[in-house]
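Report on one structure; see the data block that follows.
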Amino acid sequence: MTTPDDGTLSADRYDATAGTGPTYPRIRQVVLDTTDARRLAEFYRELFGLTYRPGDEPPGTGEPDPRGSDWLVLRGPGIGLAFQQVEALPPSTWPDDGVPQQLHLDTTVPDVAELARQHERALALGATLLLDRTDDPDEPLYVYADPSGHPFCVFVG
């Protein structure tokens, strides 16, 4: 942590390896409300190659799924995703007015070829294409809605 000339603390210069200075909460996961927690968790598990937190895995065929009707957590490299069951959830109408995004996930791929591959995967898994901006030379991207209507982006970056 350094002190700029104006006397304020500058967190952008904080050296976490030194073990001194303030501590901050860490983002553990992003939580998405959904009317079908198991379905949405399965969508993102497949899309991002994540794994269930122990105990949250799908039950056997024909067995009850109490966790799938309440709260599920996926883990992987980086921030995890959690899914909270709700009774009703109006899907975002973005890019139109009405129901705003409120939150969306930004994801990246290394190149245009991978963007095309992930586009096909997202659609096959149940995403709905909202915007195709693959002709943008500076930032080719797709914007989708997941099966619960939450927008997410995949772009080259």
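Only residues that are surrounded by fewer than 17 Cβ atoms within 10 Å (Cβ to Cβ) and at negative phi were counted in region 57-75, giving 12. Checking each residue in region 109-120 for being exposed (fewer than 13 other Cβ atoms within 10 Å of the Cβ) and in contact (Cβ under 8 Å) with a residue 40 or more places away in the chain picks out PRO110, ASP111, VAL112.
Residues that are touching a Pro at 6+ places or on another chain (Cβ under 9 Å), over 16 Å from LEU103 (Cα atoms) and outside any strand (DSSP E or B) within region 131-157 comprise THR134, GLY157, listed in sequence order. For region 90-107, the tally of residues that are within 19 Å of the chain's Cα centre (by Cα) and exposed (fewer than 13 other Cβ atoms within 10 Å of the Cβ) stands at 5. Of all residue pairs spaced 6 or more apart or on separate chains, those with beta-carbon atoms under 6 Å, a first member in region 44-58 that is more than 21 Å from ALA124 (Cβ to Cβ) and of a type outside the set (A, V, I, L, M) and a second member that is buried (at least 16 other Cβ atoms within 10 Å of the Cβ) and at pLDDT below 95 are ASP56/ARG67.
Looking only at residues that are over 15 Å from the mean Cα position of the chain (by Cα) and within 24 Å of ALA88 (Cβ to Cβ) in region 127-157, which one is surrounded by the fewest Cβ atoms within 10 Å (Cβ to Cβ)? Per the stated criteria, the residue is THR128. Among the residues of region 41-85, those that are modelled with pLDDT of 95 or more and of a type in the set (A, V, I, L, M) comprise ALA41, LEU47, LEU50, LEU72, VAL73, LEU74, LEU81, ALA82. Just wondering, is there one or more residues in region 62-77 that are of a type in the set (Phe, Trp, Tyr) and more than 18 Å from ARG28 (Cα to Cα)? Scanning region 62-77 turns up no residue that is of a type in the set (Phe, Trp, Tyr) and more than 18 Å from ARG28 (Cα to Cα).
Here's the yes/no breakdown for (1) of a type in the set (A, V, I, L, M); (2) in the same structural domain as THR35 (by TED's automatic domain parsing):
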position	(1), (2)
ARG67	no, yes
PRO100	no, no
HIS104	no, no
ALA116	yes, no
LEU125	yes, no
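Within region 19-43, the set of residues being closer than 23 Å to ASP146 by Cα and out of contact with any helix residue (DSSP H, G or I) (no Cβ under 9 Å at 6 or more places or on another chain) comprises ILE27, ARG28, GLN29, VAL30, VAL31, ASP33, THR35, LEU40.
The values are calculated or read from the model by the stated rules, or taken from the named source; none is laboratory data. As the structure is a prediction and not an experimental result, all values here were calculated from the model. Because the Cβ atoms are built from the backbone with ideal geometry, glycine has one as well, and the counts that use them run over all protein chains shown.
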